[in-house]
1. Would you pick out the residues in the range 328-367 that are more than 16 Å from the ligand (Cβ to nearest atom), among the polar types (S, T, N, Q) and closer than 22 Å to CYS90 by Cβ?
2. Give the residue that is nearest to GLU133 (Cα to Cα), with candidates limited to residues of the range 202-231 that are open to solvent by less than 10 Å² (accessible area, probe 1.4 Å) and assigned to a loop (DSSP other than H, G, I, E, B).
3. Could you tell me which residue of the range 262-279 is nearest to ALA391 (Cα to Cα), considering only residues that are open to solvent by 50 Å² or more (accessible area, probe 1.4 Å) and free of Cβ contacts under 8 Å to residues at least 24 places away in the same chain?
4. How about the range 178-192: which of its residues are in a loop (DSSP other than H, G, I, E, B) and either surrounded by fewer than 24 Cβ atoms within 10 Å (Cβ to Cβ) or small (Gly, Ala, Ser) (or both)?
5. Looking at SER439 and the list (1) crowded, with 19+ Cβ neighbours inside 10 Å; (2) more than 16 Å from the ligand (Cβ to nearest atom); (3) closer than 24 Å to ALA127 by Cα, which single condition is not satisfied?
6. From THR460, THR405, THR475, THR419, grab the single residue that is in contact with a His (Cβ under 8 Å, 6 or more places away or on another chain), β-branched (Val, Ile, Thr) and open to solvent by 20 Å² or more (accessible area, probe 1.4 Å).
7. Is it the case that some residue within the range 139-149 is within 12 Å of the ligand (Cβ to nearest atom), of a type in the set (Asp, Glu) and either in a loop (DSSP other than H, G, I, E, B) or open to solvent by 10 Å² or more (accessible area, probe 1.4 Å) (or both)?
8. Specify the residue that is surrounded by the fewest Cβ atoms within 10 Å (Cβ to Cβ); the eligible residues are those in the range 164-177 that are more than 13 Å from the ligand (Cβ to nearest atom) and part of a loop (DSSP other than H, G, I, E, B).
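The values are calculated or read from the model by the stated rules, or taken from the named source; none is laboratory data. Every value quoted in this text rests on a predicted model; they were computed, and no experiment measured them. Here the Cβ is made from the backbone with ideal geometry for all residues, glycine too, and neighbour counts use every protein chain on show. Heads up: the accessible areas ignore ligands, DNA and RNA and are worked out on the full protein's heavy atoms, side chains in. Shrake-Rupley method; radii C 1.70, N 1.55, O 1.52, S 1.80 Å.
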Amino acid sequence: MSLYKQSLAELRFGLDTRQFSARELTEAFLARVGTHDAVLNSFISRVPEAALLAADQADVRIAAGEKAPLLGIPYAHKDIFCTQGVRTTCGSKMLGDWVAPYDATVHQRLNAAGAVMLGKTNMDEFAMGSSNENSAFGAVKNPWDHAAVPGGSSGGSAAAVAARLVPWATGTDTGGSIRQPAAYCGVTGIKPTYGRVSRYGMIAYASSLDQGGVLAPSAADCAIGLQAMAGHDPRDSTSAAQPVPDYSADLNQSLAGLRIGVPRQWFTAGLDATVAARIEDALRVFEQQGAIRVDIDLPDAELALAAYYLIAPAEASSNLSRFDGVRFGYRCAEPRDLMDLYERSRSEGFGSEVKRRILIGTYALSAGYYDAFYGRAQRARRQVAENFAAAFAQCDVIAGPVAPTVAFDLGAHASDPATMYLEDIYTIPVNLAGLPGMSIPVGFSGLRPVGMQLIGAPFTEARLLATAHQYQQQTDWHLRMPAAYEEGSV
Ligand code: GLN
């Protein structure tokens, strides 16, 4: 089988049995990036020389008999993870040529694992967005339909995986940025429990919500990527000290007796009828495998959305104050004085969505308004977490939509931020409660993929991955790829 269609386990087997070398594998994927990315724009930076060097080093380790799941296998990083020697832009002009002086913990771990980074993927500026249209490096196309957005903010990672330009990629999810682009591009994505993956060296958007994770074709591939990234990090004080289970070993847990909770409030007028129908199809597949469907109540999604769009901008306004034209990145030309330097560096360096959020966040945190906005939003956040806790008394996993629609047209919501924010109504509550969530492909609406969300109680990633994997043993949506990216079609 062509290399680009193989799972991570198949690639591992091929490398370990010397059917191909890490260099050959890396060259094959670099060639795919070269052929297709002029159209897709899924990469902000490519590093072919460094990738081939890493591949050669991996070949030496493989020849020495080392066994490691990702050794010699290519991947791409969302351009939010700091990487020494390769610029980290966060999708912003502000960091357009900034090179981090240190590696993110996630990057350090992947380097140690011998994974081969092909480059850094496109994203909404500072991870703010649902369509990847807020990138200073241009929009990304959805490989299934070039008229559609790939979703955001990890749109570059999702598109690159969907087109099989890389076997897997990293992402981050503050309010849905792994799950929603995974759904729009027909790939599998996992956002782990808050604290499962270190945030050290992952540029902060909203620190109490941000969490790194994986986008890959299948749940089995996600298990391997997450295994390498997860675990306690003393350099991140919010990182969890919990041991990391063996995600791949746990994939074969049976679905018999698994209680799948389906929130009544999520299947209402706001949800596209075709998306709802594909999710119902998927639920029947779970039931055929012995899972038990339980209808549950999960109220307050609107409350969660409102709370998120106060909390996230408030934290962002504080996190982004460090980009002042002095310490990092972009500096305006010929400042008149210090105030002029601050003002023009920030107004020229940031895009309009980032500025909108800084304004909202600064306003919400200002003296006199703090309790009316931020304090109330925090109370709503607690309510959302309690709603989930009550739901998990009745079920083991919650299933529902990822987004109200499939991928929308490029430009469709560009001038309407409030409609864009509604895209996150089913994903945001999960971040507010710090829970793990996944998106798995469950069919199509026309050309455009439909994703289903699976949500678990804290630190039940193994259960979620196994649930998704069992579904993927019965279906082949995760194996489909857009015809234009098949070899021989260009
Ligand atoms: N779309 C949401 C936002 O714009 C979520 C982004 C994210 O998860 N990084 O904030």
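1. Here is the first cut: in the range 328-367, the residues more than 16 Å from the ligand (Cβ to nearest atom) are 328-349, 362-363, 365-367.
Imposing the further condition that a residue be among the polar types (S, T, N, Q) reduces the set to 345, 347, 362, 366.
Listed by number, the residues that qualify are SER345, SER347, THR362.
2. TYR205
3. THR268
4. Matches in the range 178-192: GLY186 only.
5. Result: SER439 fails condition (2) only.
6. Selected residue: THR419, the only one of THR460, THR405, THR475, THR419 that is in contact with a His (Cβ under 8 Å, 6 or more places away or on another chain), β-branched (Val, Ile, Thr) and open to solvent by 20 Å² or more (accessible area, probe 1.4 Å).
7. Among the residues of the range 139-149, not one is within 12 Å of the ligand (Cβ to nearest atom), of a type in the set (Asp, Glu) and either in a loop (DSSP other than H, G, I, E, B) or open to solvent by 10 Å² or more (accessible area, probe 1.4 Å) (or both), which makes the answer no.
8. ARG164
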